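Data first, discussion second: the structure below is written as C-alpha cells.
Derivation of every value follows stated rules applied to the coordinates shown; laboratory data play no part. Since this is a predicted model, take the numbers as computed values, not measurements. Every residue, glycine among them, receives a Cβ derived from its backbone with ideal geometry; neighbour counts consider all protein chains shown.
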Amino acid sequence: MGTLQLDGVTKRYGEAIAVAGVDLDIRQGELVALLGPSGCGKTTTLRMVAGFIEPTAGRVVIGGRDVTRLPPYARDTGMVFQSYALFPHMSVADNVGFGLEMRKVGRAERDRRIAEALRLVRLDALADRLPRQLSGGQQQRVALARALVVSPAVFLLDEPLSNLDAKLRSEVGLEIRELQKRLGLTTLMVTHDQDEALAMADRLVVMEHGRVLQVGSAEDLYERPANTFVAGFVGRCNLLDGAREGAGVFRLASGAAVPCAPDATARSDLAKGGQLAIRPERIEVAPDPAGTGRLRAVTYLGARTEYHLDLAGEPIVAVSPTPLPDDPRRRLVAGDPVRITWTPDAARVIPIP
Ligand code: ATP
C-alpha cells in the first residue's frame, strides 16, 4: 500500500534546526504539497522521505514499513528532481529505463515498461531523442516517466514546475495531477508557489521555520487560516491590527470600528488583540461622496480591477471582476471618496498568539 507517514521527523545542523518534528499522514492516492517560504524546511523534509538526508530524530514509514534507516533505492519511492537530472548522453528511452536496469529487470520486460511509461506522458514518439533535443516541458515529462516506470509506492516531486514558463506551468501541472489521480499515486510534492499547490494538491501543509503551521484542503487554508502567516501566505489577505469590541465589531488600531464575523470575536484567546483578516475579493467598493474610504489607485487588469484603498489610515486592497462599461465604478479614479463594505462573515479575527 502506498501510504506515507512522518512521525516527529526532525533535522538539525549543529545548533540550527531545519525541520522541527514534522508529523504527517498521507493516504493512498493522495497528493499532498509542502508549501512555505524559502528556508522553511520543505526540501529537507522531502529529502528525508527520499532517503538522501538522514533525520536527526523521528521516523519515515512507507506502506507500514519503517524506512528511516534504509538507503534511497530500498525505499520504494520515485523522485522527480527540480533540475530533472536527466543523463545528457542517454536517449529518452534509456533515461526512463535506467531505474529498471539498476533493478536488474530483463530486457523484454524493461522495453515493455519503458513504452508504457512514455505513453503515459505522451512521449512515445520521441523515445530515441537525446534530452537536449527536447523542450523544457518534454524533459520534465521524461523525468516523470523515469520516476513512474518503477511503480513506486510513493511519488516525490521537488518543485516540479519551477523550470517551466508561466503558460506551460499550469498546463503541465494539470497533466501531472490528472496522471497522479488516474494512477492513484501517493504523492508528496514541494513547492513555494501557492497557486501550484492550490491547483494540484488534495491537502496542503504550510511550513514556517521547520514547523508545520496548518494542514488542510485549499479551501480550509483559504477560508479558515489558523494564523496570520497562513492567511497571508495562501492567497492575498488584508490584515488589520486592532482588537475585538463586542460581537461583530472590530476596533482598528486607528480607532475606527468595522464589522467582523460575530463568532470569531467571541474567542477568549483574543486577550492580546488580534488581526482582522479579509480577502480582497470580499471587499465591495462603491463611489460615494460621503464615503469615509479614499481611493489611492485603481489598477485595471482586464478581467479584474484592483482598488488600492485607504480605510481610516490603513492601506487595504480590494479586487473585483472589472465592472461593465456603464457601471459608475468604471469611472472611479485615484483620490475619489468611496464606500467600503463587506459582509461581517467575510472578516475573521485571528488572535495574536
Ligand atoms: P527553498 O525553497 O529555498 O529550497 P526550503 O523550504 O526547501 O527552501 P530547506 O532547503 O529545507 O528549505 O532548508 C531549511 C533550513 O535548513 C534552511 O534554513 C537552510 O539554510 C538549512 N539547511 C539546509 N541544508 C543545510 C545544510 N546542509 N547545512 C546547514 N543548514 C542547512
Assertion target for E284, E109, E196, ordered by fewest C-beta neighbours within 10 angstrom first, is E109, E284, E196
Once the dipole of the chain is set up from charges on Cβ (+1 Lys and Arg, -1 Asp and Glu), the residue from the list Q139, L204, V215 lying farthest towards its positive end is Q139
Long-range amide H partners of S217, meaning residues 5 or more apart or on another chain whose placed amide H is closer than 5 Å, are L204
Proximal lysine pairs in the chain, meaning Cα under 29 Å and 8 or more positions apart or interchain, come to 5
Over the chain, the sum of -39500 (n - 2.57) across DSSP H runs of at least four, divided by residue number and rounded to 500 deg cm²/dmol, gives at 222 nm -7500 deg cm²/dmol
Connecting every pair of Cα atoms under 10 Å apart in the chain and solving the GNM, the largest mean-square fluctuation among R304, R294, R203 falls on R304
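How high is the relative contact order of the chain, in percent, counting Cα pairs under 8 Å that sit 6 or more residues apart? Don't skip to the end; give the middle numbers.
On the way: 766 pairs, mean separation 55.8, N = 353.
RCO, the chain: 16 percent.
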Which of T77, T186, T56 fluctuates most in a GNM of the chain (C-alpha springs under 10 Å)? That residue is T56
HN-Hα couplings for segment 225-231 via Karplus (6.51, -1.76, 1.60; θ = phi - 60°), in whole Hz with x for Gly/Pro, come out as x, 6, 8, 6, 5, 5, 4
In whole Hz, the Karplus estimates of ³J(HN,Hα) for segment 236-246 (6.51, -1.76, 1.60; θ = phi - 60°; x where Gly or Pro) are 8, 8, 7, 10, 10, 6, x, 8, 6, 8, x
Computed over the chain, the convex hull of the Cα set has an average projected area, in nm², of 22.0
Share of Cα-Cα pairs in segment 82-222 beyond 27 Å, whole percent, is 24
Which of G302, G291, G255 fluctuates most in a GNM of the chain (C-alpha springs under 10 Å)? That residue is G302
Given the candidates I62, A16, A108, the one whose Cα lies deepest towards the positive end of the charge dipole of segment 10-119, counting +1 at each Lys or Arg C-beta and -1 at each Asp or Glu C-beta, is A108
Among the Cα-Cα pairs of segment 237-351, the proportion with separation greater than 21 Å, in percent, is 36
Along segment 83-89, Karplus-curve 3J(HN,Hα) (6.51, -1.76, 1.60; θ = phi - 60°) to the nearest Hz, with x for Gly and Pro, reads 8, 6, 6, 7, 7, x, 8
